[in-house]
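Have a look at the structure below, then the notes.
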Amino acid sequence: MTNHLRIQRIFAGIAVLCIVLGCESPVHAQVRVIELTADRDSRYKIPGMRAPEITVKAGEHIVLRVTARRGKSWNRDGSVHGFSLLRARDRTKVEGWDLLFKPGTQEFQMTAPAEPGEYVVVCTVICSEEHEGMHMKFTVLP
């Protein structure tokens with residue numbers, strides 16, 4: 001069972017318990033899952049998008065589900081790609097958004113930055129000669 005299904009079952013159980021105990025309102029938290037591939041050709045890919053881009057609301061809770069495929073090189077710790085979120089205006093890192101991906105599928109519980117604006121995602125693992133081209137746009141809406 002995936003973490004996403006576990007989370008859904010936990011929230012469903014809390015909602016039922018809340019109804020049984022007479023809480024004022026059941027819990028209806030829905031977390032958006034963003035599917036992303038960090039591919040062997042040193043590109044981020046999102047199903048259905050020619051040019052991958054992530055758009056979230058400020059402070060939104062998301063699950064980043066990443067499938068990583070090994071490129072031509074990787075880190076000693078087994079990481080095949082990275083994911084670091086930078087502010088577009090000054091290229092400073094956003095705290096908590098520096099991830100390393102090992103081969104296979106992983107999920108990351110994330111909270112979008114509170115500051116609306118344009119960001120850029122860059123790979124932090126030198127994965128091939130094409131590594132410098134591994135980036136994508138990330139937009140935070142108010």
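No value in this document is a laboratory result; all are computed from the given coordinates. Remember, predicted model here, so these are calculated numbers, not experimental data.
Descriptive notes on the structure:
- In sequence order, the range 35-49 has phi-based couplings of 8, 9, 10, 9, 8, 5, 8, 6, 9, 7, 9, 10, x, x, 10 Hz under the Karplus curve 6.51 cos²θ - 1.76 cosθ + 1.60, θ = phi - 60°, and Gly or Pro positions carry x.
- Cross-link partners of LYS45 among lysines, defined as those whose alpha carbon lies under 19 angstrom from its own and excluding same-chain residues fewer than eight positions apart: LYS72, LYS102, LYS137.
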